[in-house]
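Let me begin by presenting the structure, written as structure tokens, before commenting on it.
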Amino acid sequence: MVIRLKKNKEKAVLNFHPWIFSGAVASGEKDLVSGDTVRVESSSGEFLAWGHYDPKSQIRIRLFSFDEEEDGSTELYWSSKWTGILESKEKLLPKETTGFRLFHSEGDGVPGIVVDCYHKTAVMQLKTPGALKLREWLVSFLSEKGFETILEKSDKPEDKQGGEATFHKGKDTDAVFTEHGIQFIADITKGQKTGFFLDQRDNRALLARYAFGRVVLNTFAYSGAFSVYALLAGAKTVHSLDISKQAIELCERNLALNGFSSEKEPNRHKSLVLDSFDYLKAMEPHFYDLVILDPPAFTKSIATVNQASRGYKDINMRAMYKIKPGGLIFTFSCSQHISFDLFKKIVFGAAKDAKKRVRILHHLTQSPDHGYSVFHPEGEYLKGLVIQVDGDT
């Protein structure tokens, strides 16, 4: 199966970008089926790459190989590639850490495949027709590598819980793993995405450096992981806030797993099932001196970037206005379409409108096992800043 590109449309492929958009295709689509492996050629017939075809996406072909001899037609090709990625990821992990992202789609040269590992549990998301065709080989590979539970979660953008779950091996609905020696539960069947946000691992460790003796507010808390790190680091008080009762229940379970109880130690931790926007607006001024703003993605498309920007500005402005002078804010955006430059401009606008003196202390991003290709900058989705609010302007 050969796809030929239009004249002068091969530049991105020559630069190893893994996406070919529909407008770049000149011919070859007539007899193709969704998920087919295609040979991509220039307008003059020169080999460029191998990729998977998706007729329903504007990203018509996702490339996985730029070697003419490596067409991805055998199980050996994929198992060898996956083994190399696994060995590379294991070298990146900090001590006492058994939760990590094994396959990060284009970031690892395996478009459409996401696999998160929680000790002996692997959770798969196959996001493209080409990835779905590799399901059987992938399950076999994960089983051979010793995973005792293998779960597949469908990837439905409209389903905030990440879609239906199918067990390919095992039946454990919760996965217990360690992160920097701290134990956590991933709710792999009902939880968001694959059950836990592993991409914040290094940022949680950074938070621990600043949490001692502070009064902490963890908004959009979900699993409560930031809260656990803060408490273990000696935070005076931590409040975990999420609009989802299910999320707060998971937060409480993770607290208990690490020796904390909101009922027995109400002065150290409190869980709140409330809307984060409303709480930030109504909360007592100068009570908290460390605030975590880690909301879900406010936009999934370029069309809603302006609306999302207003949402990010709103929560940052409210936190800046209410936080204790000298306090710290860990603020994040996981929206792919919000660039780092735009995110800093949003924080600038929030500081200006709040009339606060704000300094940037750290630039934050996703953990190394979520690394993105230099040829695919779109893979940088998590942006974060640690800012200090010094007082009024």
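The values are calculated or read from the model by the stated rules, or taken from the named source; none is laboratory data. None of these values were measured; they are calculated from a predicted model. All Cβ positions, glycine included, derive from the backbone under ideal geometry; neighbour counts span all protein chains shown. Ligands, DNA and RNA are stripped out before the accessible areas are found, and what is left, the full protein with its side chains, is counted by its heavy atoms. Shrake-Rupley method; radii C 1.70, N 1.55, O 1.52, S 1.80 Å.
Within the stretch 92-107, take every residue that is out of contact with any Phe, Trp or Tyr (no Cβ under 9 Å at 6 or more places or on another chain) and of a type in the set (D, E, K, R) and give me the one that is nearest to ASP369 (Cα to Cα).
Taking the candidates together, the pick is ARG101.
Give all pairs with beta carbons closer than 6 Å in which a residue from the stretch 119-134 that is at positive phi meets a residue that is among the hydrophobic types (A, V, I, L, M, F, W, C); count only pairs at least 6 apart in sequence or on separate chains.
Correct list of pairs: HIS119/PHE177.
May I ask you to list the residues in the stretch 280-324 that are hydroxyl-bearing (Ser, Thr, Tyr) and either touching a strand residue (DSSP E or B) at 6+ places or on another chain (Cβ under 6 Å) or within 21 Å of LEU385 (Cβ to Cβ) (or both)? I'd like the intermediate steps shown before the answer.
From the stretch 280-324, those hydroxyl-bearing (Ser, Thr, Tyr) are 288, 299, 301, 304, 309, 312, 321; that's our starting set.
Passing the criteria: TYR288, THR299, SER309, TYR312, TYR321.
Would you confirm whether or not the stretch 192-201 contains a residue that is over 16 Å from PRO296 (Cβ atoms), open to solvent by 20 Å² or more (accessible area, probe 1.4 Å) and modelled with pLDDT of 95 or more?
Our first condition is that a residue be over 16 Å from PRO296 (Cβ atoms); within the stretch 192-201, this holds for 201.
When the remaining residues are screened for being open to solvent by 20 Å² or more (accessible area, probe 1.4 Å), the result is none.
Checked against the condition, which is being over 16 Å from PRO296 (Cβ atoms), open to solvent by 20 Å² or more (accessible area, probe 1.4 Å) and modelled with pLDDT of 95 or more, the stretch 192-201 yields no hits at all.
Among the residues in the stretch 303-310, are any open to solvent by less than 70 Å² (accessible area, probe 1.4 Å) and either touching a Cys at 6+ places or on another chain (Cβ under 7 Å) or farther than 20 Å from LEU280 by Cβ (or both)? If you could, list the steps in order and put the result at the bottom.
Step one: filter the stretch 303-310 for residues open to solvent by less than 70 Å² (accessible area, probe 1.4 Å), giving 304-305, 308-309.
Those still in the list that are either touching a Cys at 6+ places or on another chain (Cβ under 7 Å) or farther than 20 Å from LEU280 by Cβ (or both) too: 304-305.
So far as the stretch 303-310 goes, yes, one or more of its residues are open to solvent by less than 70 Å² (accessible area, probe 1.4 Å) and either touching a Cys at 6+ places or on another chain (Cβ under 7 Å) or farther than 20 Å from LEU280 by Cβ (or both).
Pairs, please: C-beta under 8 Å, at least 6 apart or cross-chain, first residue more than 18 Å from ASP187 (Cβ to Cβ) and in the stretch 252-265, second open to solvent by 60 Å² or more (accessible area, probe 1.4 Å) and assigned to a loop (DSSP other than H, G, I, E, B)?
So the pair list comes out as PHE260/ARG268.
Of everything in the stretch 230-254, what is charged (D, E, K, R) and in contact with a helix residue (DSSP H, G or I) (Cβ under 7 Å, 6 or more places away or on another chain)? Give them in sequence order. Steps first, answer last, please.
Keep residues of the stretch 230-254 that are charged (D, E, K, R), which gives 236, 242, 245, 249, 252-253.
ASP242, the sole residue that qualifies.
In this structure, is LYS345 open to solvent by 10 Å² or more (accessible area, probe 1.4 Å) and either touching a Lys or Arg at 6+ places or on another chain (Cβ under 6 Å) or in contact (Cβ under 8 Å) with a residue 12 or more places away in the chain (or both)? First the steps, then the outcome.
Details: open to solvent by 10 Å² or more (accessible area, probe 1.4 Å): yes; either touching a Lys or Arg at 6+ places or on another chain (Cβ under 6 Å) or in contact (Cβ under 8 Å) with a residue 12 or more places away in the chain (or both): no.
So LYS345 fails the test.
Quick check: anything in the stretch 64-81 of a type in the set (A, V, I, L, M) and in contact (Cβ under 8 Å) with a residue 12 or more places away in the chain? Don't jump to the end; show me each part of the working.
Within the stretch 64-81, the subset of a type in the set (A, V, I, L, M) is 76.
Now drop any that are not in contact (Cβ under 8 Å) with a residue 12 or more places away in the chain, which leaves none.
No.
Against the condition touching a Pro at 6+ places or on another chain (Cβ under 6 Å) and not small (Gly, Ala, Ser), how does PHE220 come out, does it pass?
Working: touching a Pro at 6+ places or on another chain (Cβ under 6 Å): yes; not small (Gly, Ala, Ser): yes.
Yes: the conditions hold for PHE220.
Need pairs with beta-carbon distance below 6 Å; first residue under 13 Å from SER309 (Cβ atoms) and within the stretch 322-340, second of a type in the set (A, V, I, L, M, F, W, C) and at pLDDT 95 or above; sequence gap 6+ or separate chains.
Here the result reads SER333/PHE343, each pair linking the stretch 322-340 to a residue that is of a type in the set (A, V, I, L, M, F, W, C) and at pLDDT 95 or above.
Report every pair of residues separated by at least 6 positions or lying on different chains whose Cβ atoms are under 6 Å apart, first residue within the stretch 229-248 and within 19 Å of ALA211 (Cβ to Cβ) and touching a residue at least 60 places away in the same chain (Cβ under 8 Å), second of a type outside the set (Phe, Trp, Tyr) and in a strand (DSSP E or B).
ALA230/VAL216; ALA230/VAL238
Here's a check for you: in the stretch 356-393, which residue that is part of a loop (DSSP other than H, G, I, E, B), farther than 23 Å from GLU179 by Cα and not small (Gly, Ala, Ser) is farthest from the chain's Cα centre (by Cα)? Let's see the steps before the verdict.
So in the stretch 356-393, the residues part of a loop (DSSP other than H, G, I, E, B) come out as 365-367, 371-376, 380-382, 393.
In the following step, the residues that additionally are farther than 23 Å from GLU179 by Cα were identified as 373-376, 393.
Adding the requirement that they be not small (Gly, Ala, Ser) leaves 374-376, 393.
On the way: VAL374: 18, PHE375: 19, HIS376: 16, THR393: 35 Å.
The extreme case among them is THR393.
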